[in-house]
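The values are calculated or read from the model by the stated rules, or taken from the named source; none is laboratory data. As the structure is a prediction and not an experimental result, all values here were calculated from the model. For neighbour counting, all protein chains shown are included, and Cβ atoms are generated from backbone atoms with ideal geometry for every residue, glycine included. Keep in mind that these areas ignore ligands, DNA and RNA; they rest on the heavy atoms of the full protein, side chains included. Shrake-Rupley method; radii C 1.70, N 1.55, O 1.52, S 1.80 Å.
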Amino acid sequence: MMEERAEAVHAERRAAALAMGGDRKLKKRAAAGALNARERVDLLFDSGSFTESGLFATSPVDADKDTTPADGKVTGTGDIDGRRAAVIAYDFTVKGASSSSVSNKKMQHMKDLATRRGMPLIYLAESTGVRMPDVMGGTGMGQGNDRSRFLRCRESPWASGVFGYSFGSAAWHTVSSDFAVFRKGSVMAVSSPGLVSRATGQEVDGQDLGGWRIHSEITGFADAVADTDEQAIELIRRFLSYLPAHNGEAPPSAPITEGSEDRLHELRTLVPQSRTQVYDVRKVIEVVADNGSVFPIKARYGKSLVTALTRIGGQTVGVIANNPMFKGGAIDADACDKATSFLVLCDSYNIPILFLVDQPGFLIGLEAERDKVAGKVINWMNALSLVTVPKITVMMRKNYGQAFVNMGGAFTADATAAWWSAEISFMDPRSAVSVVYGIQPESDPEEYERRLAEMARGSTAYDIARVYGVQDVIDPVDTRSFVLAALRDNHLARTGGVGEHLLSTWPTSY
Amino acid sequence: MAETIQAEMNANVWKILVAPGDSVEEECPLMILESMKMEIPVLAESEGFVVALHVAEGDRVSPGQPLVDLSTN
């Protein structure tokens, strides 16, 4: 009898906790095309693999205990492609997924577990922020125990999905993550537009304040954008497939996909001969990498530089490439931040780095100086100097100035080759003629041509190879085989592919 | 819907490739700017018609300056 009763009570309690914020709210969400927290968790993990932690947690406030199932955070562990991972899914139907002392304990436990046991942690974020009025007053604030709450040392990867409104801790966790995907329509900000309007008198719209477009194009907090909840979760799974479960192991390798190497001959024509002509470097990356393996990071931000996770020969490789299609490939302040943040990602998780170089220099000018480009160039250089994963550089076409060094030149990389068409110098020879002789093609065409030829001298791939500034000069079609050999030569054999991750405590956003 | 395409950087307008009334495809180059010694195409972000040109060949433009108005469907 006792057991039957216990069974019935248990079943009732479970059902109440699994009911989340109730039918009405759940149906409303479903009608709007948004998944609920438990549906998102089910999609994230391999079927049937989810183990919940804290199903019976509720608000510590007695009056709220029956209306706060799981205290608004679904937490636990499950498998992603057979590898264990932890999840924190914000349940917006329970008090707007606001944070209380109990849900904070649940979140902290997931973070500790992921860190200590070496598995990725995924945030499925959607939250109004801290729970009001619980946190008001000295008694509310004094209960915090946040010594390490926002400590981020990248022991294991964090990935975030931003769905709907995400304020407070949902925003903090998103910007602490190694990867954040924003579903279209989502808003992430420090506080809600309503609070901003009341506090500052500034009327703001959510999308203007922190919409997915702002974060994918202006702040760069969005590493990817998804049309739907389902696609966002798929992108998180895909991102993690390139990464190790923790920083103490090498990234997983995958079979080389069919059709890889089939289009290498296109490398002779994808990049135009004339240095002034533009093209889309993403096509070059597609050809060099394993077929279908390119996963862009921050594609809508700092677009004159492309960062992407790829596989080359089945191995995860982070690619940093200039894209002349945007701003002529000139590297602006956003592109600098994007490069630094990508170096941090790769160095933290033992991912070798490949530079594909074709750039006219850093974008200079009034805006650039005010955007603190000097500081950003050197942050990037400092990061590059600390990277301990293998670095490989291929100079494809023009390569000028300090950016030559930032893009893995001047022996900052472990293996370097130049295409036979590469052109390396301190600046574009046409600029140099103006700087040194103060003449323009219009003012004195003959003298200009003579000086131009003089300035362009000694800029070929063979010239830099002569002083061993590159180790080889290659036919463009041999790019992939050069990279594959360099990956083998520079494999971190002594540590099984594990670097020192000296950048793992660098800032989580730039 | 009308859409104004703006300059992304300081540049000189080198060549204008369209005129008001022209229909354009997505990704179609509308003009070529010259900056950092590079020829940088300005592309239509979607298909539509050229409504107005705000610059002429030889003009200097700065970031945010309107270049072309497109009407998009």
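What to note about this one:
- Among the criteria (1) under 24 Å from A:LYS298 (Cβ atoms); (2) of a type in the set (A, V, I, L, M, F, W, C); (3) in contact with an Asp or Glu (Cβ under 6 Å, 6 or more places away or on another chain), the one A:ALA222 does not fulfil is (3).
- Some residue of region A:264-273 being touching a residue at least 60 places away in the same chain (Cβ under 8 Å), open to solvent by less than 50 Å² (accessible area, probe 1.4 Å) and within 14 Å of chain B (Cβ to nearest Cβ): yes
- Within region A:46-59, restricting attention to residues that are touching an Asp or Glu at 6+ places or on another chain (Cβ under 8 Å) and surrounded by fewer than 23 Cβ atoms within 10 Å (Cβ to Cβ), the residue that is nearest to A:THR228 (Cα to Cα) is A:ASP46.
- Total residues in region A:262-279, condition out of contact with any Lys or Arg (no Cβ under 9 Å at 6 or more places or on another chain) and in a loop (DSSP other than H, G, I, E, B): 6
- Checked against the criterion of being in contact (Cβ under 8 Å) with a residue 12 or more places away in the chain, within 14 Å of another protein chain (Cβ to nearest Cβ), open to solvent by 10 Å² or more (accessible area, probe 1.4 Å) and not in a loop (DSSP other than H, G, I, E, B), region A:236-250 has no qualifying residue.
- Restricting region B:1-16 to residues that are open to solvent by 60 Å² or more (accessible area, probe 1.4 Å), within 14 Å of another protein chain (Cβ to nearest Cβ) and of a type outside the set (D, E, K, R) leaves a set whose member that is nearest to the chain's Cα centre (by Cα) is B:GLN6.
- Against the test of being away from chain B (no Cβ under 14 Å), more than 26 Å from A:TYR242 (Cα to Cα) and surrounded by fewer than 21 Cβ atoms within 10 Å (Cβ to Cβ), the options A:PHE426, A:PHE411 yield a single qualifying residue, A:PHE411.
- Taking the criterion of being touching a strand residue (DSSP E or B) at 6+ places or on another chain (Cβ under 8 Å) and closer than 30 Å to A:SER177 by Cβ, the residues of region A:461-506 that qualify are A:VAL483, A:LEU487, A:ASN490.
- For region A:60-167, the strands (runs of 3 or more DSSP E) that sit wholly inside it and include 1 or more residues that are open to solvent by 60 Å² or more (accessible area, probe 1.4 Å) and in the same structural domain as A:HIS215 (by TED's automatic domain parsing) are A:83-90, A:158-166.
- Region B:17-44 - residue that is part of a strand (DSSP E or B) and over 21 Å from A:ASP428 (Cβ atoms) and, of those, farthest from the other protein chains (Cβ to nearest Cβ): B:SER23
- Condition check for A:THR276: open to solvent by 10 Å² or more (accessible area, probe 1.4 Å), without any contact (Cβ under 8 Å) to a residue 24 or more places away in the chain and either of a type in the set (Gly, Ala, Ser) or within 14 Å of chain B (Cβ to nearest Cβ) (or both): yes
- Flag if A:GLY365 is of a type in the set (Gly, Ala, Ser), open to solvent by 10 Å² or more (accessible area, probe 1.4 Å) and at pLDDT below 95: yes
- Residue in region A:378-392 that is more than 19 Å from A:ASP337 (Cβ to Cβ), in contact with an Asp or Glu (Cβ under 8 Å, 6 or more places away or on another chain) and surrounded by fewer than 21 Cβ atoms within 10 Å (Cβ to Cβ) present: yes
- The residue that is nearest to A:ARG397 (Cα to Cα), counting only those in region A:449-468 that are among the charged types (D, E, K, R) and open to solvent by 100 Å² or more (accessible area, probe 1.4 Å), is A:ARG457.
- With respect to the conditions (1) buried (at least 21 other Cβ atoms within 10 Å of the Cβ); (2) not assigned by TED's automatic domain parsing to the domain that holds A:ALA321, A:PRO445 falls short on a single one, namely (1).
- Helices (runs of 4 or more DSSP H) (entirely within region A:403-510) containing at least 1 residues that are under 27 Å from A:GLU261 (Cβ atoms), hydrophobic (A, V, I, L, M, F, W, C) and in contact (Cβ under 8 Å) with a residue 40 or more places away in the chain: A:461-466, A:479-489
- Scanning region A:341-367 for residues that are within 14 Å of chain B (Cβ to nearest Cβ) and either in contact (Cβ under 8 Å) with a residue 60 or more places away in the chain or part of a loop (DSSP other than H, G, I, E, B) (or both) returns A:ASP358, A:PRO360, A:GLY361, A:LEU363, A:ILE364, A:GLY365.
- All conditions but one from (1) at pLDDT 95 or above; (2) not in a loop (DSSP other than H, G, I, E, B) apply to A:GLY194; the one that does not is (1).
- Among the conditions (1) more than 13 Å from chain A (Cβ to nearest Cβ); (2) assigned to a loop (DSSP other than H, G, I, E, B); (3) open to solvent by less than 70 Å² (accessible area, probe 1.4 Å), B:GLY64 misses just one, which is (1).
This table checks each residue for (1) over 19 Å from B:GLU27 (Cα atoms); (2) in a strand (DSSP E or B); (3) more than 14 Å from every other protein chain (Cβ to nearest Cβ).
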residue	(1), (2), (3)
A:LYS283	no, no, no
A:PRO296	yes, yes, yes
A:TYR301	no, no, no
A:THR307	yes, yes, yes
A:GLY318	yes, yes, yes
A:ALA321	yes, yes, yes
A:CYS336	yes, no, yes
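- Residues of region B:17-42 satisfying the condition of being surrounded by fewer than 17 Cβ atoms within 10 Å (Cβ to Cβ) and closer than 25 Å to A:GLY365 by Cα: B:GLU34
- Contacts under 7 angstrom Cβ, first residue in region A:210-234 being open to solvent by less than 10 Å² (accessible area, probe 1.4 Å), partner in a helix (DSSP H, G or I) and of a type in the set (A, V, I, L, M, F, W, C), 6 or more apart: A:ALA222/A:TRP212; A:ALA226/A:ALA232; A:ALA226/A:LEU235; A:ILE233/A:LEU43; A:ILE233/A:LEU44
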